[in-house]
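One structure below.
The values are calculated or read from the model by the stated rules, or taken from the named source; none is laboratory data. All figures in this text were calculated on a predicted structure; none of them were measured in a lab. With ideal geometry, Cβ positions are generated from the backbone for all residues, glycine too; neighbour counts draw on all protein chains shown.
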Amino acid sequence: MNRIKKTLDQDKKILSIYFTAGFPQLEDTVSVIKELELNGVDMIEIGLPFSDPLADGPTIQASSTQALVNGMTSSSLFEQLKDIREHVKIPLVIMGYFNPIFQFGVEAFCKKCQEIGIDGLIIPDLPVDVYHQKYQKIFESSGLYNILLITPQTSEERILYIDSVSKGFIYMVSSASTTGAKSGFGKIQTDYFQRISDMDLDNPQIVGFGISNEETFNMATQYNKGAIIGSAFIKVLENKGINGIGEFIKSIRPNN
Amino acid sequence: MSYNVDKKGYYGEFGGAYIPEMLYPNVEELRKNYLQIMNDPSFVKEFDQLLKDYVGRPSPLYFAKRMSERYKTKIYLKREDLNHTGAHKVNNTIGQILMAQRLGKTRIIAETGAGQHGVATATVCALMGIECIVYMGEIDIARQAPNVARMKMLGAKVIPATSGSKTLKDATNEAIRDWINNPENTHYIIGSVVGPHPYPDMVARFQAVVSEEIQDQLNEKEGVTKPDFIVACVGGGSNAAGAFYHYLDDTEVGLIAVEAAGKGIHSGESAATSVLGKMGIIHGSKTLLMQTGDGQITEPYSISAGLDYPGVGPMHAHLYQSGRAEFISITDDEAMEAGLELCQLEGIIPAIETSHSLAIFKERKFSPDDIVVVNLSGRGDKDLDTYIKHFNL
């Protein structure tokens, strides 16, 4: 069984953390993953850095640029992760833009993920229809979940389509923004969370964008299965390095 | 075989809309409506009227007598340099501002490299009284000060792109991010035949007025509606798309696309995408682009800021791959010499982008009877500093 499904079947709210592979130092990838699991994080999104990350705000952009300067590539990420399943049990998802995956070869990329024990991919600029027509079979034969996004502007009809093509969970973008742009949720967001929750979709939703602390985490997960923290975590890595991870995770879920 | 866009937004295997879900509603709204709006008689009337009275169209098709004598062929220049704001760019911004109005948008964003598209966008926003934000790489802001001043005088807000390499590619990224953050009231006026479908097709249609006029003007002067060759420079490719448009499927007309080889194709400082690029995804489109083996987009170089883009539009990628168009690369030095030659033979100072097109006459021979139309895409006023430095004037 795919580890994402197993984790989501548990009766708890999911805390997922995004970080950029090869940041702050090239060789930090595996240490960050181990430290996150040790501190009780439920799922990890490993960011494959890209030169032109369109959907990301300044924090994740800067971490991607640094990771590329450090020498991170698709091949070196796979090399770093080759023994990861000897140490880490929680679901691991790779999040990356389409061009590096396309250059690696979509099929070869998926096979590598399967070998290593990656559970899913999030590719923000691979549209659902192209995925559906060209790549879904490859993903499925590699046992990979493709995680698709919805936003407050996504029409109901399209949400239903995305739900029908999705596996694992739906990545629910909290507001019209790039990553790290806004903090705090207002009525617009909670209405949107409620609206989606009422649609009773086949796949659970996990909220991302704009979640940075205990308050926003609790608010988001009131309506959904879980939440993803990215930019706020990158700032922790930037300022305190791996040693700051434990304290940060405890601040999000103090009672865990 | 058609060389134009298909129903799904592809040119052969190039094109499409590889965009994050956050952009989908905006792009889809445009895709659903653009053809209907463009074909609406009231739109056509307003567009044509503005092109005539405000831009100064039709632009002349000028027989370049002394140049023709030198190169022993018949050379015509399509004078887009005589348009208001000094280049072909305004054809597209006039079209898109009218499109934005009909879509009910109240805020315009644009990207710009050298500043020509930024100025053309700021101009039409001033004309219509609509808020205008132009993203421009920090490095380009420093080296294109007069165009930054023009945009400001026209009431636009110029925001520096400080990410990545701080040039056109990054300005485009920032404009796209702005659009993600402002999904309802904003229209993004892309300046070239790049970006997700329907942009390449929409921009090509707005620029198609160029080849439409060539047909009539050539008929008047030569008694034929088609030339033997059309020559245009390609960065993203909008002036070439416009000059080629009505001849795309007429294979009796040779299409010649001229790219910037910079300091030499294999010098590491070049923008010759057809030679150096591989298929990939940039700014929402599957096309040829310059990238590392790992799929990171690389930084191009050309003396001409307008050709300094790591990709080409999907139409051009297809024209290249199918062999429909001939692609020629011209170095900085060759272009600069050709620009100076046009000044001295015809009394026209061309934009350095256009100078690349003019340089092909030293590279490629034509017959004395051939009619060769060169799209003179822009005037050289903006490039005086570069010409001064290059020739120690």
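So here's what we get for this one:
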read-out: Wholly within the range A:129-199, helices (runs of 4 or more DSSP H) carrying at least 3 residues that are within 12 Å of chain B (Cβ to nearest Cβ) and farther than 25 Å from A:D42 by Cβ; value: A:156-165
read-out: Condition met for B:K169 (touching a residue at least 12 places away in the same chain (Cβ under 8 Å), closer than 20 Å to B:P350 by Cα, touching a Ser or Thr at 6+ places or on another chain (Cβ under 9 Å) and crowded, with 17+ Cβ neighbours inside 10 Å); value: no
read-out: Unmet requirement for A:K82, which otherwise passes all of (1) outside any helix (DSSP H, G or I); (2) more than 12 Å from every other protein chain (Cβ to nearest Cβ); (3) crowded, with 20+ Cβ neighbours inside 10 Å; value: (3)
read-out: Sole residue being in contact (Cβ under 8 Å) with a residue 40 or more places away in the chain and not assigned by TED's automatic domain parsing to the domain that holds B:A171, chosen from B:G293, B:G323, B:G339; value: B:G339
read-out: Within the range B:1-42, tally of residues that are within 14 Å of chain A (Cβ to nearest Cβ) and either among the hydroxyl-bearing types (S, T, Y) or on the phi > 0 side of the Ramachandran plot (or both); value: 6
read-out: Test: residue in the range B:63-80 that is within 27 Å of B:L358 (Cα to Cα), touching a Leu at 6+ places or on another chain (Cβ under 9 Å), assigned to a loop (DSSP other than H, G, I, E, B) and not small (G, A, S); value: no
read-out: Test: B:A142 is crowded, with 24+ Cβ neighbours inside 10 Å and not in a strand (DSSP E or B); value: no
read-out: Pair list, Cβ under 6 Å, 6 or more apart: the range B:19-37 residue under 16 Å from A:F98 (Cβ atoms), other residue part of a helix (DSSP H, G or I); value: B:I19/B:V27; B:M22/B:I180
read-out: Residues within the range B:228-252 that are without any contact (Cβ under 8 Å) to a residue 40 or more places away in the chain and either of a type in the set (D, E) or not assigned by TED's automatic domain parsing to the domain that holds B:S322 (or both), tallied; value: 2
read-out: Where a residue in the range A:51-77 is at the interface with chain B (Cβ under 7 Å from one of its Cβ atoms) and free of Cβ contacts under 8 Å to residues at least 40 places away in the same chain and its partner, wherever it lies, is crowded, with 21+ Cβ neighbours inside 10 Å and part of a helix (DSSP H, G or I), with Cβ under 6 Å and at least six apart; value: A:S74/A:P100; A:S74/A:F104
read-out: Unique match (being crowded, with 22+ Cβ neighbours inside 10 Å, out of contact with any strand residue (DSSP E or B) (no Cβ under 8 Å at 6 or more places or on another chain) and within 14 Å of chain A (Cβ to nearest Cβ)) among B:G311, B:G277, B:G293, B:G284; value: B:G284
read-out: Filtered residues of the range B:236-277 (kept if assigned to a strand (DSSP E or B) and either modelled with pLDDT under 95 or charged (D, E, K, R) (or both)); value: B:E259
read-out: Residues that are without any contact (Cβ under 8 Å) to a residue 40 or more places away in the chain and either out of contact with any strand residue (DSSP E or B) (no Cβ under 7 Å at 6 or more places or on another chain) or surrounded by fewer than 24 Cβ atoms within 10 Å (Cβ to Cβ) (or both), drawn from the range B:253-272; value: B:V253, B:H266, B:S267, B:G268, B:E269
